[in-house]
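The values are calculated or read from the model by the stated rules, or taken from the named source; none is laboratory data. Because the structure is a prediction, the values reported are computed rather than measured. Because the Cβ atoms are built from the backbone with ideal geometry, glycine has one as well, and the counts that use them run over all protein chains shown. Side chains included, ligands, DNA and RNA excluded: accessible areas come from the protein's heavy atoms. Shrake-Rupley method; radii C 1.70, N 1.55, O 1.52, S 1.80 Å.
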Amino acid sequence: MLLIKNGRVLDPATKTDAALDVLLDGDRIAKVGANLSAADAEVFDAHGLVVAPGFIDLHCHLREPGGEMSETIETGTRAAARGGFTAVCCMPNTTPVNDSASVTRGIVERAAASAAVRVWPIGAASVGSKGEALAEIGAMKDAGIVGVSDDGKPVATARLMRQVMDFCNSLDLPVIDHCEDASLFAGGVMREGPRAIRLGLKGIPGQSESICAGRDVELALLSSARLHIAHMSTSGALEYVRFAKRVGARVTSEVTPHHFTLTDEDVRYDSNYKMNPPLASRADRDALVAGLADGSIDAIATDHAPHHAASKDVEFDRAPFGIIGFETALALGLGELVHTGKLSLMRLVELFTSGPARVLGRERTLAHGQPADVTIFSTDHPWTYHAAESPSKSRNTPFDGRTFRGAPIATIVGGRIAYRR
Ligand SMILES: [Zn+2]
Ligand SMILES: [Zn+2]
């Protein structure tokens, strides 16, 4: 048994913000209450710390199978644990693509053998994520997927998206879309605008994302399916999400820490600033922060996308899209959103816990009988991020060397301490 004492329990699911203790018994929460004692329990002193339900990351790339040069399930989940995440959803764009029950089973088995935190796979929507035939979604659900996506690219056509939604509706799975219009995207590498012109880089208009988000919202209305917009970066897409929520459609969305922190004005000729969707305009960034505050956006997700130095250390145009993100997510949320007074601490914790859980149709709360997944963090611990010290196999981040206030202190998964600062 593990007794977490003297902490400030923050549980958005029950709107609890109080000095309480949490007793874990094996892989379950036994009790949450004031002044708990348990004679034979190990005690974790959380004085001065926040005790929250275990963080969930809806969107990451663990690269296994097939991309083990850049990351493995083991190294990626160790980085996730350092970031305070107790569960991560891994996208299916591996080699081979996770489009069949046998690939899903392989991921689940590798995770059972080597992962530091829970791994919840996302299955491909179409075979090979090629946008032609439906993948074997039902069999993948039986093998353990928690959602479907052709991430890396959008579900290719409206007709296919309608089929995917109808199918996932009957299985009660969320459909997660990477929104992008291929004809507008067309070889771009950063957000279209004055900065792209100055850098001489080909731009992508924000409408590449919002047009696809609008298509998906229309189809969610048609099918009544659960639609989740991945890594939303534009005010246009956010307005479609707001409209969908207003009319009662089952539409949710996530935003990454880099999109609520940086803008296209921050982009340098350095491939650690190259991600997809690209860093957006200041107006878009400010709209996303407002959406995080007012409840229009459901989750913060990292889109942790490791790339080995050999592939990323090339000209901007030729580098792959994506940055790593587990270890800086909470600190960026605290620094950019909470310490600035834009979001309450309760709302930030919701975006990492009950928010993403709801997208998956789950609960996330500190209560008797729930899984013993707990994230303990400090809101003011000063530290500097050194990517070279990351357990991740990759170093592609624009936040290397950045100083933060607030950090994960312990990550507890199924009653076991997966990470302790
Ligand atoms: Zn994506
Ligand atoms: Zn992704």
For region 230-238, indicate whether the set of residues that are away from ligand 1 (no atom under 16 Å from the Cβ), open to solvent by 30 Å² or more (accessible area, probe 1.4 Å), more than 22 Å from residue 408 (Cβ to Cβ) and touching a residue at least 60 places away in the same chain (Cβ under 8 Å) is non-empty. no
Quickly run through region 392-421 and pick out the residues that are among the polar types (S, T, N, Q), in contact (Cβ under 8 Å) with a residue 24 or more places away in the chain and assigned to a strand (DSSP E or B). 411
Pull up region 127-172, narrow it to residues that are among the hydroxyl-bearing types (Ser, Thr, Tyr) and away from ligand 2 (no atom under 16 Å from the Cβ), then point me to the one that is nearest to residue 215 (Cα to Cα). 157
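Of all strands (runs of 3 or more DSSP E) completely enclosed by region 10-76, which ones contain at least 3 residues that are open to solvent by less than 40 Å² (accessible area, probe 1.4 Å)?
16-25, 28-33, 50-53, 55-60
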Kindly indicate whether any position in region 358-376 is within 16 Å of ligand 1 (Cβ to nearest atom) and either open to solvent by 50 Å² or more (accessible area, probe 1.4 Å) or touching a residue at least 12 places away in the same chain (Cβ under 8 Å) (or both). yes
Only one of (1) within 14 Å of ligand 1 (Cβ to nearest atom); (2) among the polar types (S, T, N, Q); (3) under 30 Å from residue 200 (Cα atoms); (4) open to solvent by less than 10 Å² (accessible area, probe 1.4 Å) fails for residue 253. Which number is that? (3)
With 180, 209 as the choices, which residue is open to solvent by 20 Å² or more (accessible area, probe 1.4 Å), within 16 Å of ligand 2 (Cβ to nearest atom) and touching a residue at least 12 places away in the same chain (Cβ under 8 Å)? 180
For residue 22, work out the one condition from (1) within 16 Å of ligand 2 (Cβ to nearest atom); (2) closer than 21 Å to residue 369 by Cβ it doesn't fulfil. (1)
Checking 271, 281 in turn, the sole residue that is of a type outside the set (D, E, K, R), surrounded by fewer than 24 Cβ atoms within 10 Å (Cβ to Cβ) and more than 16 Å from ligand 1 (Cβ to nearest atom) turns out to be 281
When residues of region 63-76 are limited to those that are under 26 Å from residue 333 (Cβ atoms) and in contact (Cβ under 8 Å) with a residue 60 or more places away in the chain, the one nearest to ligand 1 (Cβ to nearest atom): 63
Residues (small (Gly, Ala, Ser), more than 16 Å from ligand 2 (Cβ to nearest atom) and out of contact with any Leu (no Cβ under 7 Å at 6 or more places or on another chain)) located in region 217-243: 223, 224, 225, 235, 236
Restricting region 150-186 to residues that are assigned to a helix (DSSP H, G or I) and of a type in the set (S, T, N, Q), the residue that is nearest to ligand 1 (Cβ to nearest atom): 183
Residue check for residue 330: away from ligand 2 (no atom under 16 Å from the Cβ) and in a helix (DSSP H, G or I): yes
